[in-house]
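Read the figures in this text as sums done on the coordinates, not as results from a lab. For clarity, every value in this text was computed on a predicted model and none was experimentally measured. Don't worry about glycine lacking a Cβ; one is built from the backbone with ideal geometry, like all the others, and counts go over all protein chains shown.
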Amino acid sequence: MMKRILGAAIVLALCAPIFAQQPQAKTQKELDALFEIESATDPDVRIGAIHTLLTNFKDTEFKEFANLMMMLSYQQKDDFEMMVLYGERTLELNPDNIDTLVSLSYAIPARTGEFDLDKDEKLAKAEDFAKRALLAIPTLENPNPDVTADDWLIAKKDFMSQSHDSLGLVALKRKDYQAAEKSLRQSLQVASRQSASTFYHLASALQEQGKNDEALTMADKSIAAGGVMAGGGQDLAKVLKAQLIKAKAAAMMNKSKPAAKPAGTVPEVEIIKQP
């Protein structure tokens, strides 16, 4: 689920004008180091290239970009602690970095356990990141002239969808199922491509409210969109669907049974009047 966020390729497309506008590389060697980061497909290779940039060019104007790419690289490696570390470093350089706000707003609740001692603190932080992103996204200007206006609008909507998705996950962790349902529906409404995990989370929120028929529909949509895979190749959406079907069958069985008489009730006896 952690990999639900924007891929590095999209981020690079948004950051590409960095190489042509301010900030700028001061030497050809620094520019070469930047392209090593951009061209790396393996996260470990990319992390090495970023360390090279930050070590050899301590006054580089690309520190925000470098820390952002470091965060995304550790996200790709599924290293949550290092992802958060470099995400927070990115926000120190630019508190309004949308990629970082959106990424952390989802990753934090996804890795927050029910009995974590700092659960409330982590969920509050994730909620703050998501709300900050939602405030900033509508006025976000297209940083890349090669990205069309239509494509930029789609990218902004996807940022908003992911932010609503994060708020939905935060609400689920708080067991505020009505709030979760509202945010997850908003996420699906604006998404250019609806996510299997969003359908799954919405199905869970509906199930907790006793809306099993609609929850079953959402579970089916999650499965159709690719499902939500857990360890061992298990599809959580299929597991949830099986639970919903079982609950529905049990409800039908209970409905078909005659109502039990209260304990201690005297049996009804037909009284025949004597002539």
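Computed values, structure above
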item	result
Cα principal axis extents for region 194-256, largest first, Å	37, 23, 17
Assigned charges on the beta-carbon of Lys, Arg, Asp, Glu; region 129-223 dipole about Cα centre (debye)	400 debye
Degrees between helix 236-256 axis and first principal axis of the chain (Cα, 0 to 90, nearest 10)	10 degrees
Local electrostatic count at A242 - Lys and Arg +1, Asp and Glu -1, tallied over other residues with Cβ under 15 Å	+2
Expected 222 nm ellipticity per residue - DSSP helices of 4 or more, -39500 (n - 2.57), all of the chain, to 500	-21500 deg cm²/dmol
Listed peptides 24-33, 247-256, 58-67 by packing density, highest first (mean Cβ within 10 Å)	58-67, 24-33, 247-256
Enclosed volume per residue, in Å³, of the convex hull spanned by Cα atoms of the chain	181 Å³
Relative contact order, percent, the chain [alpha-carbon distance under 8 Å, six or more residues apart]	12 percent
Spatially proximal aspartates and glutamates relative to K63 (Cα-Cα < 19 Å; intrachain offsets below 8 disregarded)	E30, D32, E36, E38, D44, E88, E92, D96, D99
Between region 74-114 and region 118-192, the alpha-carbon center distance in angstrom	14 Å
Cα-centred dipole magnitude for the chain, charges only on beta-carbon of K, R (+1) and D, E (-1), debye, nearest 20	1440 debye
Check: region 194-256 dipole with +1 on Lys, Arg Cβ and -1 on Asp, Glu Cβ, in debye	180 debye
Rounded to 10°, Cα long-axis angle of helix 98-110 versus longest principal axis of the chain	40 degrees
Charge dipole of the chain about the Cα centre (unit charges at C-beta), most positive-ward option of S204, L53, A191	S204
0 to 90° range, to nearest 10: angle between helix 63-76 axis and the chain longest Cα axis	40 degrees
Max mean-square fluctuation residue, GNM over the chain, Cα-Cα springs under 10 Å, options A237, A149, A136	A149
